[in-house]
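The values are calculated or read from the model by the stated rules, or taken from the named source; none is laboratory data. From a predicted model like this one, the values you see are computed outputs, not experimental measurements. So basically every Cβ, Gly included, is an ideal-geometry build from the backbone, and we count neighbours across all protein chains shown. Only protein heavy atoms, including side chains, enter the accessible area calculation; ligands, DNA and RNA are left aside. Shrake-Rupley method; radii C 1.70, N 1.55, O 1.52, S 1.80 Å.
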Amino acid sequence: LKSRVAGRNSIRIYFILYHEATVVNLLEVLLYHKHVCEAGGEKMLEIVDYVARKLARLNSGYDFSAHDCNSSGSKDFDAKEYAAELEQRTPEDDLTRHLTEIEFRVCISSCALARFLCEHADSMPLSVVSRITDTHDILILLVPLIENPPWTRRSNKGKWQKLIDQKWSDVAPIDLMK
């Protein structure tokens, strides 16, 4: 399907993918408040299922950096190399990069959603809490993310980077856990 739509309407497909990121960001803002989680009632089951799927995706071992759109954003980047790379890209490669970038951002935002769901579990129905703890065991899904956080990485040049405000920034090794 990707090869069929990549050349013709790639910007339209990108907007469709971007809508998911926008909705997840909106949920992130809303679920910060306890009264929203309480008002959600049984509908929160679907959000718990969605968050569990995204956390499992983060833990799946998929290499999100293989199609990293922000990898050339470092200070010592060569414009000629980047231009040559851009010329060699196909529309399918661009669509794959956008899909991977959006998927990574959505998965990272799902970590915040998981935090809010667990934090406000006392105000949600028992079925939602049961789904969090028994069905998906979200706490166990979070352990690998604590041990090996996907929002930190080592660049090709050996510098440590951290995802800050949706951009990779160089940080000192001592600041990785902040």
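Some points to look at:
- GNM result for the chain, Cα springs below 10 Å: residue of Lys162, Lys80, Lys34 fluctuating most strongly: Lys80
- Calculated on the alpha-carbon coordinates, the convex hull of the chain measures out at 135 cubic angstrom per residue.
- For the listed residue pairs Lys80/Lys157; Lys43/Lys167; Lys43/Lys178, the alpha carbons are over 23 angstrom apart in Lys43/Lys167; Lys43/Lys178.
- Helical contribution to [θ] at 222 nm, DSSP H n ≥ 4, -39,500 (n - 2.57), averaged over the chain, rounded to 500: -18000 deg cm²/dmol
- Length-normalised contact order of the chain in % [C-alpha pairs under 8 Å, at least 6 apart]: 31 percent
- With the simple spin-label model, which puts each label point 7 Å out from Cα in the Cβ direction, the Tyr32 to Glu119 separation comes to 0.9 nm.
- Integer Hz, Karplus 6.51/-1.76/1.60 couplings in order for the stretch 105-117, x for Gly and Pro: 5, 5, 5, 5, 5, 5, 5, 5, 4, 4, 4, 5, 5
- Evaluating 6.51 cos²θ - 1.76 cosθ + 1.60 at θ = phi - 60° for every residue in the stretch 124-141, the Karplus couplings come out as 10, x, 4, 5, 6, 5, 5, 5, 5, 8, 8, 5, 9, 6, 4, 4, 6, 5 Hz, glycine and proline recorded as x.
- Note that the stretch 12-27 has calculated 3J(HN,Hα) couplings of 5, 5, 4, 5, 4, 5, 5, 4, 4, 5, 5, 5, 5, 5, 4, 4 Hz, one per residue in order, obtained from phi through the Karplus relation 6.51 cos²θ - 1.76 cosθ + 1.60 (θ = phi - 60°); glycine and proline are x.
- The long axis of helix 79-88 is offset from the longest Cα principal axis of the chain by roughly 80 degrees.
- Computed with a 1.4 Å probe over protein heavy atoms only, the accessible area of Ser155 comes to about 30 Å².
- Accessible surface computed residue by residue for the chain, with neighbouring protein chains in place and a 1.4 Å probe, gives 64 Å² per residue.
- Span from the the stretch 104-141 Cα centroid across to the the stretch 24-44 one, whole angstrom: 11 Å
- The chain: most fluctuating residue of Asp134, Asp63, Asp78 per GNM, C-alpha cutoff 10 Å: Asp78
- Here the dipole of the chain is about 260 debye; that uses its Cα centre as origin and unit charges on the Cβ of Lys and Arg (positive) and Asp and Glu (negative).
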